[in-house]
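The values are calculated or read from the model by the stated rules, or taken from the named source; none is laboratory data. No experiment lies behind these values; they were computed from the predicted model shown. We place every Cβ from the backbone using ideal geometry, glycine too, and count neighbours over all the protein chains shown. Note: areas computed on protein heavy atoms with side chains; ligands, DNA, RNA excluded. Shrake-Rupley method; radii C 1.70, N 1.55, O 1.52, S 1.80 Å.
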Amino acid sequence: MIRLGFLGTGWIGRNRMEAMLATGEVEPVAICDSNGDMAAQALELAPGAKLTASLEELLDCELEGLVIATPSALHAEQCVAALERGIPVFCQKPLARTAAEVDAVLGAARRADLLLGVDLSYRYTAAMQAIRERVSGGELGQVFAADLVFHNAYGPQSGWFWDPKLSGGGCLIDLGVHLVDLALWLFDFPDVTEARATLLRAGQPVREGEVEDYATGELTLANGIHARIACSWNLNAGRDAAIEASIYGTQGGAQMRNAGGSFLDFSAELFHGRERQPIASPPDDWGGRAAVEWVRKLSAGERFEATTPGLRETALVLDRLYGRA
């Protein structure tokens, strides 16, 4: 049994805790959350765990792994603190606000030779797995374009999301991180030769001190693929969410899309001309798969080499889209 600590136990933190506990391979030994109600709800899932008042106290609990689901501004510092104490980490996305912070975390993990996982969960949907298999197998021919969108009719309630110093950006780093990750992961993380973005707040260009609630981006990959992304918060979308990834090649196309505005149900189809063929459909319990994979790797003794791939590549692209590089 792997002794785990949980730092941050809001909805997503508790959801990932449940997925990890369901493996039967972990023991939740300590919980830390500044919100007492959230900590109490987590304790209901893990009644034998100890409530701690600080990260330092949490790290003193002889942990064999730490799960982090705190505000983005804290991720890098908290990850490095754990890694320097010899504790592998599974962190919510984004791993950090900037590529420099991501490099600091990766450097700490590399020096300690410890496993680092990041919850880039959409890779693990059956729909995206099926599309990647077809792309890798050459069924689409030469892929030349990819369009990815994540429009959310809701917006974040926590105030830190709207402060660029705490969040590192708006909907682009919150939702667009998944789109950039998928665009690179699908093709084994090629170099990005061009990257540009449009960032808007309430329909106007973002001003100093603001974060965007609507963003578009264009990427040119070194393999010749042109990728477009679009994401938003609080969009008049006519449904809860619009989440899609469309891939176009010389011999076919493929598309993942959410069903009926759902945040959880995804299907995938292959396209040939006007014909379409289903290749994945709900139900699909994908939300905790990245967390479970990290647990399984940890249980198997995996170290830094098994770290979630592509973290630096995605962070560098986001920096370029934000004009930080």
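Looking at (1) open to solvent by less than 10 Å² (accessible area, probe 1.4 Å); (2) farther than 23 Å from A153 by Cβ; (3) charged (D, E, K, R), which one does D181 not meet, given that it meets all the others?
Every condition holds for D181 apart from (2).
Within the range 176-202, count every residue that is part of a strand (DSSP E or B), free of Cβ contacts under 8 Å to residues at least 40 places away in the same chain and closer than 21 Å to A315 by Cα.
4
Test R276 against the criterion of being part of a helix (DSSP H, G or I) and among the charged types (D, E, K, R), and give yes or no. Outline the logic, then answer.
Details: part of a helix (DSSP H, G or I): no; among the charged types (D, E, K, R): yes.
In short, no.
Condition check ((1) among the aliphatic types (A, V, I, L, M); (2) crowded, with 19+ Cβ neighbours inside 10 Å) across all residues:
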site	(1), (2)
E212	no, yes
A215	yes, yes
T220	no, no
N223	no, no
R228	no, no
D240	no, no
I243	yes, yes
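Please go through (1) open to solvent by less than 60 Å² (accessible area, probe 1.4 Å); (2) more than 19 Å from R296 (Cα to Cα) for D60 and return the number of the only condition it doesn't satisfy.
(1)
Quick one: would you say R320 is under 30 Å from G86 (Cβ atoms), of a type outside the set (G, A, S) and open to solvent by 50 Å² or more (accessible area, probe 1.4 Å)?
no
Which condition from (1) out of contact with any Ser or Thr (no Cβ under 8 Å at 6 or more places or on another chain); (2) touching a residue at least 60 places away in the same chain (Cβ under 8 Å); (3) open to solvent by less than 40 Å² (accessible area, probe 1.4 Å); (4) not polar (S, T, N, Q) is the one that A315 breaks?
Status for A315: all satisfied but (1).
So which residues in the range 275-315 are of a type outside the set (D, E, K, R) and more than 19 Å from S121 (Cβ to Cβ)?
Q277, P278, I279, S299, A300, G301, F304
I'd like the residue in the range 27-40 that is open to solvent by 10 Å² or more (accessible area, probe 1.4 Å) and either assigned to a strand (DSSP E or B) or free of Cβ contacts under 8 Å to residues at least 24 places away in the same chain (or both) and, out of all such residues, is farthest from F161 (Cα to Cα).
Checked the range 27-40; the qualifying residue farthest from F161 (Cα to Cα) is E27.
Could you pull out the residue among L120, L66 that is under 21 Å from G288 (Cα atoms), of a type outside the set (V, I, T) and surrounded by 24 or more Cβ atoms within 10 Å (Cβ to Cβ)? Reasoning before the result, please.
Values: L120 fails: surrounded by 24 or more Cβ atoms within 10 Å (Cβ to Cβ).
Checking each option against the conditions leaves just L66.
Just to verify a result, which residue in the range 203-238, among those that are among the β-branched types (V, I, T) and not in a loop (DSSP other than H, G, I, E, B), is farthest from V149 (Cα to Cα)?
Among those residues, the one meeting the criterion is T220.
So, in the range 129-178, how many residues would count as being open to solvent by less than 30 Å² (accessible area, probe 1.4 Å) and at positive phi?
3
Answer yes or no: is there a residue in the range 258-279 that is under 30 Å from G86 (Cβ atoms), among the basic types (K, R) and either open to solvent by 20 Å² or more (accessible area, probe 1.4 Å) or at pLDDT 95 or above (or both).
Scanning the range 258-279, I find no residue that is under 30 Å from G86 (Cβ atoms), among the basic types (K, R) and either open to solvent by 20 Å² or more (accessible area, probe 1.4 Å) or at pLDDT 95 or above (or both), so the answer is no.
What tally of residues in the range 157-175 results from selecting those that are over 16 Å from the mean Cα position of the chain (by Cα) and part of a loop (DSSP other than H, G, I, E, B)?
Residues meeting the conditions: 3.
Cβ contacts < 8 Å: first residue touching a residue at least 60 places away in the same chain (Cβ under 8 Å) and under 14 Å from L175 (Cα atoms), restricted to the range 114-130; second residue open to solvent by less than 10 Å² (accessible area, probe 1.4 Å) and among the acidic types (D, E), any location; separation 6+ or different chain. Result?
L120/D181; Y122/D181; R123/D181
Give L7, L51, L43 a once-over and let me know the one that is open to solvent by less than 20 Å² (accessible area, probe 1.4 Å) and touching a strand residue (DSSP E or B) at 6+ places or on another chain (Cβ under 8 Å).
Just a single option satisfies the conditions, and that option is L7.
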